[in-house]
1. Within the stretch 79-101, how many residues are among the aliphatic types (A, V, I, L, M) and touching a helix residue (DSSP H, G or I) at 6+ places or on another chain (Cβ under 6 Å)?
2. Consider Thr79 carefully, then state whether it is of a type outside the set (Gly, Ala, Ser) and in contact with a Ser or Thr (Cβ under 6 Å, 6 or more places away or on another chain).
3. Mind counting the residues in the stretch 105-161 that are part of a loop (DSSP other than H, G, I, E, B) and either open to solvent by 50 Å² or more (accessible area, probe 1.4 Å) or at negative phi (or both)?
4. So, in the stretch 68-104, exactly how many residues are in contact with a Lys or Arg (Cβ under 6 Å, 6 or more places away or on another chain) and not in a strand (DSSP E or B)?
5. What number goes with the only condition from (1) assigned to a helix (DSSP H, G or I); (2) open to solvent by 100 Å² or more (accessible area, probe 1.4 Å); (3) at pLDDT 55 or above that Lys21 does not pass?
6. Residue check: is Gly68 free of Cβ contacts under 8 Å to residues at least 12 places away in the same chain and over 12 Å from the mean Cα position of the chain (by Cα)?
7. Those residues that are modelled with pLDDT under 95 and acidic (Asp, Glu), I need them from the stretch 104-121; list them, please.
8. Going by what's in this entry, would Met91 be described as open to solvent by less than 70 Å² (accessible area, probe 1.4 Å), at negative phi, out of contact with any Pro (no Cβ under 6 Å at 6 or more places or on another chain) and not β-branched (Val, Ile, Thr)?
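The values are calculated or read from the model by the stated rules, or taken from the named source; none is laboratory data. Note that the coordinates shown come from a computational prediction; the quantities given were computed from them, not determined experimentally. Ideal geometry is used to build each Cβ from the backbone, glycine not excepted, and the neighbour counts take in all protein chains shown. Accessible surface is based on the protein model in full, side chains and every heavy atom, while ligands, DNA and RNA are left aside. Shrake-Rupley method; radii C 1.70, N 1.55, O 1.52, S 1.80 Å.
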Amino acid sequence: MKTLKTIVFCLAVCLLCFACKDNKQVEENNNLKEVKKDLVKEINSDEFLSKVLDISPIKEGKPLKFKGDKPVIIDFYATWCGPCKRQAPIMEEIAKKYKGKIDVYKIDVDKTQDIARFFNINSIPTLLFIPKGGELFLNAGLTPQEDIEESIETMLLNQNE
């Protein structure tokens, strides 16, 4: 009988430890989610036009007008897209690594069809790289972090110098 009580006591202690650990882990995950929300901001059409790139001059045959103060990467995605879900944490890491040097935004193609249509986004995820000066460039498909970093270093940051 004493052995049974000991076993029950040990099980109760283990369950209590796991429950506390899970609560702590949930709290830590919630804190991480809050931090991540600040790194890659979802923007709509109006925010894109006011913060990133004014596309209205194109109708008059004039060049696009860059609105930002540092280079930008736009992640075109959809909530239902599996590869987009795998691209998201990579973009979080990029935003963290290059914080203060570039802006990283995401645009839901289902909610912001006008901007996606303007850039002829036919597959997702697609990354739009916008340097402060120079040509815009797109990269369609799930892109490894190393490739994004190489593009940032060669195509975005070098043009600022």
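1. 3
2. no
3. Looking only at that region, the number is 21.
4. Qualifying residue count, the stretch 68-104: 2.
5. In the conditions (1) assigned to a helix (DSSP H, G or I); (2) open to solvent by 100 Å² or more (accessible area, probe 1.4 Å); (3) at pLDDT 55 or above, Lys21 misses (3) alone.
6. No.
7. Asp114
8. Yes; evaluated as a whole, the condition is true for this residue.
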